[in-house]
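Here the structure is laid out as structure tokens; the discussion comes afterwards.
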Amino acid sequence: MNGRRVKVTIPATTANLGPGFDALGMAFQLYSVVEMEISEHTTVEMVGEELQGTPTDKNNLLYKVAAGLFQEAGLAIPELAIRASSDAPLTRGLGSSAAAIVGALVAANHLAGEPFTREQLFEKATRLEGHPDNAGASMFGGIIVATMPEVPGEPIPYVRFSAPAGLQTLVVIPEFMLSTEKARNVLPHVYSREDVVYNVGHSSLLVAALAQGRLDLMGRAMSDRLHQPYRAKLVPGLNEILDKATEHGALGAALSGAGPTILCFFSSDEELEKLRAFVDRVMKGHDISYRVMILQPDENGVQVEIHQR
């Protein structure tokens, strides 16, 4: 097992895409990198502004996930040298925890001699995340439709397909953090039958539209009643963007995961120009500092490089 350094590149992701709560995910061409090797002493190096403040000892999530994999494989937990960097902001709804979990699992699995298949790693990542949307998109790329297995420990049922040609995303990232826990705590415990039926219909239409490249249906299909209306009070400007983005060039709009990042999908430069101006008016109207990224879908998922020492 010694003498190898594993470098893993993991895409950022978005979950839900509006109505597909905890079931729909998509990968972006925005990446985190985890490098890992067996060492005499455990060291954890976090590189870049996005990762500042995360633990640099054995309390780091990357180390804990890697150690857990060695343990599940029946191997002694080694000391590890870990180096990580990320272009994706943390706690903004772009799958940073899923990327870390997937990266640590894939890297540790290679150092351990690959005792687990990619499907088994996906199951482990989903178990650690609590839902399969971000984990699946990080692992496999493209668009993932998945649900939790009825029996714990069974394989995760999922379908992966490529994002429609021409689909691009204006990613609006407010300069404040929002924990997934806080965003989940505002959700009700009980929903009306009407709202549940509404979401089943819209999420089903959205999956079909994405699978067949029907970009014209995205605006209507992305409407949601299960989480976005409740989270809107935590994300200034969200309601206006969800309600009006399609009138200003967007194919559709959604809160990214638990937020506060907001996604506006588009397919042409003309649409993008109108969208940028609209988003800027909304965010300035709420006095919210923000930045934008224009991201393409990632089709590759997690990528591995092995370097011999």
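Worth a mention:
- For Glu299, distant residues with modelled amide H under 5 Å away: Gly142
- Accessible area per residue in Å² at 1.4 Å probe, computed on the chain: 44
- Solvent-accessible surface (1.4 angstrom probe) belonging to Ile156, in square angstrom, nearest 10: 20
- As computed over segment 54-152, the Cα convex hull volume per residue (Å³): 110
- Residues in segment 59-70 carry Karplus couplings, in order, of 7, 5, 4, 4, 5, 5, 5, 4, 4, x, 5, 4 Hz; the curve used is 6.51 cos²θ - 1.76 cosθ + 1.60 with θ = phi - 60°, and Gly or Pro positions show x.
- Interchain or long-range residues, amide H under 5 Å from Arg4's placed H: Ile38, Arg309
- Remark on Ala12: its backbone amide H falls under 5 Å from those of Phe28, Leu30, Tyr31, Ser32, a criterion applied only to residues 5 or more positions apart or on other chains, H modelled at 1.01 Å from N.
- D by Stokes-Einstein for the chain, Kirkwood Rh over Cα pairs, 25 °C, 0.890 mPa s: 124 µm²/s.
- Summary value for the chain: 26 percent relative contact order, contacts being C-alpha pairs under 8 angstrom separated by 6+ residues.
- Karplus (6.51, -1.76, 1.60) ³J(HN,Hα), θ = phi - 60°, over segment 233-241, in Hz, Gly and Pro reported as x: 5, 8, 10, x, x, 4, 4, 4, 5
- All Cα-Cα distances of segment 168-295, cut into 10 Å bins from zero to the largest, leave 13, 43, 35, 10, 0 percent in each bin in turn.
- Annotation: lysines with alpha-carbon distance below 18 angstrom to Lys64 (same-chain offsets under eight excluded): Lys7, Lys124.
- Within the shell defined by Cβ-Cβ distances under 10 Å, the residues around Gly95 carry a net charge of -1, with Lys and Arg each +1 and Asp and Glu each -1.
- Fraction of accessible area attributable to carbon and sulfur, the chain (%, probe 1.4 Å): 49
- For segment 168-295, with +1 on Lys and Arg beta carbons and -1 on Asp and Glu, the positive-most of Met177, Leu272, Ile294 along the dipole: Met177
- Couplings 3J(HN,Hα) of segment 24-40, computed from phi: 10, x, 9, 9, 10, 7, 8, 10, 10, 10, 10, 10, 8, 8, 6, 9, 6 Hz, in residue order, whole Hz [Karplus 6.51 cos²θ - 1.76 cosθ + 1.60, θ = phi - 60°; x for Gly and Pro].
- Of the whole protein surface, Ser97 contributes about 50 Å² of accessible area at a 1.4 Å probe radius.
- Charge dipole of the chain about the Cα centre (unit charges at C-beta), most positive-ward option of Leu69, Pro115, Ser97: Ser97
- Of the listed residues Arg184, Arg281, the order by accessible area with a 1.4 Å probe, largest first, is Arg281, Arg184.
- The modelled label-to-label distance for the pair Gln296/Glu114, using points 7 Å beyond Cα in the direction of Cβ, is 2.8 nm.
- Within-13-Å neighbourhood charge of Ser86 [Cβ basis; K, R +1; D, E -1]: -3
The values are calculated or read from the model by the stated rules, or taken from the named source; none is laboratory data. All of these numbers come straight from a predicted model, not from anything done at the bench. FYI the Cβ positions are ideal-geometry reconstructions off the backbone, even for glycines, and counts take in every protein chain you see. Remember, those area values only see protein heavy atoms, side chains included, never the ligands or the DNA or RNA. Shrake-Rupley method; radii C 1.70, N 1.55, O 1.52, S 1.80 Å.
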